[in-house]
Structures are given as C-alpha cells and as structure tokens.
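Down below is the structure, laid out as structure tokens.
The values are calculated or read from the model by the stated rules, or taken from the named source; none is laboratory data. Because the structure is predicted, anything quoted here is derived from the model rather than measured. Note that each Cβ is placed from the backbone with ideal geometry, even for glycine, and that neighbours are counted across all protein chains shown.
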Amino acid sequence: MATTAETLGEVPFFALLDDTERSALAERVDHVKFEKGKEIFKAAEPGGSLFIVRSGAVELWFKKDSGEKVVVETARANDFFGEISLLDGGPRTANATCVEDVEMIVVTREDLDELFRLKPASAMDLLSATGRRLRETNRLLRMAAAKDINEETEDNRSAVERAADWVTEFSGSITFLVLHIVWFVVWIGLNVAPLAESSAGGFDPFPFGLLTMCVSLEAIILSVLVMLSQNRQVARDRIRNEIEYQVNVSAEAKVAHLHEKVDRLQEDLLKALEGRRSPKGST
C-alpha cells in the first residue's frame, strides 16, 4: 500500500502541495478503520475533518423531505469526503456509512493549522486546489439534471394514452398521407365508370356519401386522440418547467454556498499569513 504522503498526493485537494509539505502533513494525520455497516457521521453533526479512503467503500447519502434516500457518492480508494466541514468547521451536509470494511486517513483543521505554521506557502496551494474543485463543481451543476422528464411521464402512461401518442405521431407522417391518398383513389376509382359496373365496384356512387361518413368518423376519432396526446404534452411541459426550476434553484444555492465557503477560507488563510509575517516586520 502507498505511503501516507503518496496517498495525499493522489487526492486533488492536496495535489498542489510539494513533497515536503505533504510529508509534513502526513506526520500529523491519523489512520482509522471502520467495519462494514458502521456509520462514520450523520448529517448536521459537527464536522471539522476530511476523510481519505485508502481501502474499502463509504456511501454518502441524505434523505429528502419525502423520506426518499438519495446516494450522493460512493467513495472508494483515494477518494475523499468531508472537505466542506474541514474548510469552514460547520456541520456535516450528508450521512457517511461504510458499505465495506474501510481504512482511512483523517485530516483535521488542527493538522492544517500546523501545516500552515510550518509551511505558509502551502495555504495558497490548498486555496488553488479548492478553486479548481469549485470550478469542477460548477461544471457538474450546469450539466446536472435532477430527473429525466421522459422517464417521469412515459412509465405512467395507460394503454389509451400510449395509443393516443402513437396515433398522433403516425397521423403527422408522410406514410399516413400516402395511405389516405391511395385509399381515396381506389375507393373513387371503384365507384366511377367503368369499374362502377363491375362486381367489386358501385357500392358508393357519386357523391360518395359512405366515403364522406367514414372520413368524418375518422376525423372525430383522430381529433379526440390528438387532444388526449396534446393534454399529456401540456402536463409534460408543466413537469419539465418544475424540474428545471428546481434544478436552477438548487444549482444557484449550491454555487452560492461554495463561493461563501471559499471566500471565508481565503479570508482565514490571508489572516493566517499576515499573522505569520507581522512578527518579522516588527523586529
């Protein structure tokens, strides 16, 4: 298994630290083990530490207001979690449960404080790494979709609604138009001279009342099915608008929250750096 310093180097959050800085941090971190099924922490519990998985798997999840469980991520070897609480010392934002036996490295705020004291330049490296992670989070939020509108509506269709959708789609095709042209030509051809005098023709003489009735009935049935399909489309649009609104609100809230944490971290780091420099300037 890789050394602690090497493991830290594979974590994006610490990737910009040089070997000396990672070695200094590796001397302070703790190593912990948890058995499968063990709950590492719960949402809203006090935080202040980051976990790096060396082996095993940890499931990060939370529950919606409706009680539905949502799995955010399954952290495996060299993955990390808990960085939000590490940065601002705030409560946990999700639950963490071991789905396998796990061995991890724990990095606390005190470990970072000591690292900044020994290596002040490492503060800017961590700030740069945080900025990179924020950019990646922004990209994922822009690409994210909370639900698939097609899955939301297609799976709940009844047999009549499925038939209505199929008829609506088919009636707007070239095939539908060609079939009707062929039908009208054959029908009219069988009911005008000379085929009207044959055994197969003459069943609907001019002005083709039977054909008119058939076309009228078809138009009534077709219009009802099209209206059913259009009503479903209106419902789909309503769901789509609601989902897009939820996604936009969630994305804006998360981005604003991340910006707030990064700004707070930058402020703390700048204060820490100023505190390290002031004694030298006063002598």
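Can you say whether residue 22 is in the same structural domain as residue 103 (by TED's automatic domain parsing) and part of a helix (DSSP H, G or I), as far as the supplied structure shows? Before you say what the answer is, go through the steps one by one.
On the way: in the same structural domain as residue 103 (by TED's automatic domain parsing): yes; part of a helix (DSSP H, G or I): yes.
Judged against the criteria, residue 22 is a match.
Among helices (runs of 4 or more DSSP H) entirely within region 55-171, having at least 2 residues that are in contact with a strand residue (DSSP E or B) (Cβ under 8 Å, 6 or more places away or on another chain), modelled with pLDDT under 80 and not small (Gly, Ala, Ser) singles out 83-88. Sort out which residues of region 189-241 are touching an Asp or Glu at 6+ places or on another chain (Cβ under 9 Å), over 20 Å from residue 177 (Cβ atoms) and at pLDDT 85 or above, and write them in order of number. Listed by number, the residues that qualify are 190, 191, 210.
Of all residues in region 30-54, those satisfying the criterion of being among the hydrophobic types (A, V, I, L, M, F, W, C) and either modelled with pLDDT of 90 or more or touching a Gly at 6+ places or on another chain (Cβ under 6 Å) (or both) are 32, 34, 40, 41, 50, 51, 53.
Could you tell me whether region 25-38 includes any residue that is surrounded by 14 or more Cβ atoms within 10 Å (Cβ to Cβ), on the phi > 0 side of the Ramachandran plot and within 27 Å of the chain's Cα centre (by Cα)? The answer is no; no qualifying residue exists.
Say whether the condition of being crowded, with 17+ Cβ neighbours inside 10 Å and closer than 20 Å to residue 101 by Cα is met by at least one residue in region 8-24. For region 8-24, residues crowded, with 17+ Cβ neighbours inside 10 Å and closer than 20 Å to residue 101 by Cα: absent. Every condition in (1) on the phi < 0 side of the Ramachandran plot; (2) touching a residue at least 60 places away in the same chain (Cβ under 8 Å) holds for residue 71 except the one numbered (2). Kindly indicate whether residue 252 is more than 30 Å from residue 127 (Cβ to Cβ), assigned to a helix (DSSP H, G or I), not polar (S, T, N, Q) and not assigned by TED's automatic domain parsing to the domain that holds residue 82. Answer is no for this residue. For first residues located in region 148-172 and of a type in the set (Asp, Glu), partners that are modelled with pLDDT of 80 or more and lie 6+ apart or on another chain with Cβ distances below 8 Å form the pairs 161/228; 161/229; 165/229.
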